[in-house]
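Report on the following structure.
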Amino acid sequence: MTLAPHSISDVQFAEPQDRIRTRKLSLRALLMAVSISISVLLCTTVASVLIVNARLAVADEIRSAFDFARASITASLPTRFADADIMRRAEDLMREIDARRHVAVEIRNTDGTRRGVDNQTPARPERESGTSVPAWFVALMQPEVLVDQFPITRYPNVLGTLRLVSDPSDEIAEVWEDFSLILPILLATGLLFVAMSFALNHLLMRRIRSLLSSLTRMCHGDLDVRATDCPLKEFSALANGVNDLAVHLQKETSQNRQLQARLLTLCENERARIAHDLHDEMGPQLFALGAAAGQARSSVAALREDGRDKAVDALSGAVEAIARHTASIQRSARNAINDLRPMVAGAASLVELLDELLGNFQETAGATRFILRGDTTARAQEMAELSIYRFVRESVLNALRHGQPDLVEVIVLQEAGMIVVQVSDSGRAGEVSFSAPSFGQLGMRDRASALGAIYRPPWREGARTITELRVPI
């Protein structure tokens, strides 16, 4: 049979029953959500401020250009009483004004149609960048359209109308060029902020995970663990607190084990004293009682020879009852002495004592087969061997009481400075409650704690129930 190695980390710790199980929020997720929200808020705020300022600047620039063009037309357009060619002068003025930025000028006939003018294409220079402005940005930046009309008259006739309209397209294109540079920078800044937040979050969570790992190992009994120091002042204080707690728990655990070992020693000494008292005081008295019963039996035989059969029969029954009760008391006394002090140090090896124990069980449970496999050289201190003896006896008793097994197997091995004892049985599954330990299991756990041993309560593996004790040599 192969024994799987176990360490103290295999011990399962029951969580407090009154612990409220609620959905917990991850600190890492919270920090990332806050950093991303702040980044988005900052980017949105900055972009909104830039857009509002740009919109106001475009509106002011267009209105200024429109007012200047209107003033130029008012000052340059001939009056209705001038003798000059008013229409030609209006066409020249149209070309002059239309060449300016932010405005557009056209001449309309009296019927509202656009007047065709030779070379009337705008004289304004084309933008070299050729940037295509998105429609949403144009709609966002579009100011109020400004329109003004100037009649072209030559007394007494109206020749047409000079129509002046604001044109913000070139200004919006310039603003878009600036925004196409600013927005990527703003987005990159937001991403950089998120990346820095993620790096800081990772640093903090790594330190927190390190502290949690140390605390978890401490909860599983590894009190030699120490939290690593950190350059951050706050985490360094936490690490020192965890280390101080580990040292304190280590001292308290050591003292508790010493007290438990001392208490266990006192209990065994008291058991030994009671066993010696039973043996030394009750033993001679029981022997004398047995001898008296034998003498009475001899007297009964003598009376029978004298022919006093009726009296002999009554006396014989009483003598036989005394003899039976004497034998029963002697057996009970031996059992009590063996229970209080099952062995004497150095009297026999551990495997021999366990073999004798299983032999006694075989006499009372004849339907069960008992097997002992062990290392005959396995030896430990007297208190440790006593604990192993009681562990095997309690485990076998539990198997016989609850499982009614056909086979009980005890294995004793010595490995890595420890004596490993396993008791397995083929009893029925579900007969033993593994969640609520019995008084015997609690006693074995206390003994293991006092000796620095590892006790594993019964568990089910296939068709067998197994329990294990690992005692340091």
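Worth pointing out:
- Among the residues of the stretch 68-81, those identified as farther than 14 Å from Thr161 by Cα and surrounded by 13 or more Cβ atoms within 10 Å (Cβ to Cβ) are Phe68, Ala69, Ser72, Ser76.
- Here Ser210 fulfils each of the conditions (1) farther than 30 Å from Ala453 by Cα; (2) surrounded by 14 or more Cβ atoms within 10 Å (Cβ to Cβ) apart from (1).
- Among (1) out of contact with any helix residue (DSSP H, G or I) (no Cβ under 6 Å at 6 or more places or on another chain); (2) among the hydrophobic types (A, V, I, L, M, F, W, C); (3) surrounded by 14 or more Cβ atoms within 10 Å (Cβ to Cβ); (4) over 29 Å from Gln255 (Cα atoms), the one test that Ala453 misses: (4)
- Close pairs (6 angstrom Cβ cut-off, 6 or more residues apart or separate chains): charged (D, E, K, R) in the stretch 372-386, in a loop (DSSP other than H, G, I, E, B) anywhere: Glu382/Ala345
- Search result, residues across the stretch 226-239 that are surrounded by 13 or more Cβ atoms within 10 Å (Cβ to Cβ) and over 12 Å from Ser214 (Cα atoms): Cys230, Leu232, Phe235, Ser236
- Count of the stretch 359-397 residues which are surrounded by 13 or more Cβ atoms within 10 Å (Cβ to Cβ) and within 19 Å of Arg470 (Cα to Cα): 22
- Among residues of the stretch 327-350, those that are surrounded by 15 or more Cβ atoms within 10 Å (Cβ to Cβ), at pLDDT 70 or above, among the hydrophobic types (A, V, I, L, M, F, W, C) and out of contact with any Leu (no Cβ under 7 Å at 6 or more places or on another chain), counted: 1
The values are calculated or read from the model by the stated rules, or taken from the named source; none is laboratory data. Here the structure is a predicted model, which means the values were calculated and not measured. Because the Cβ atoms are built from the backbone with ideal geometry, glycine has one as well, and the counts that use them run over all protein chains shown.
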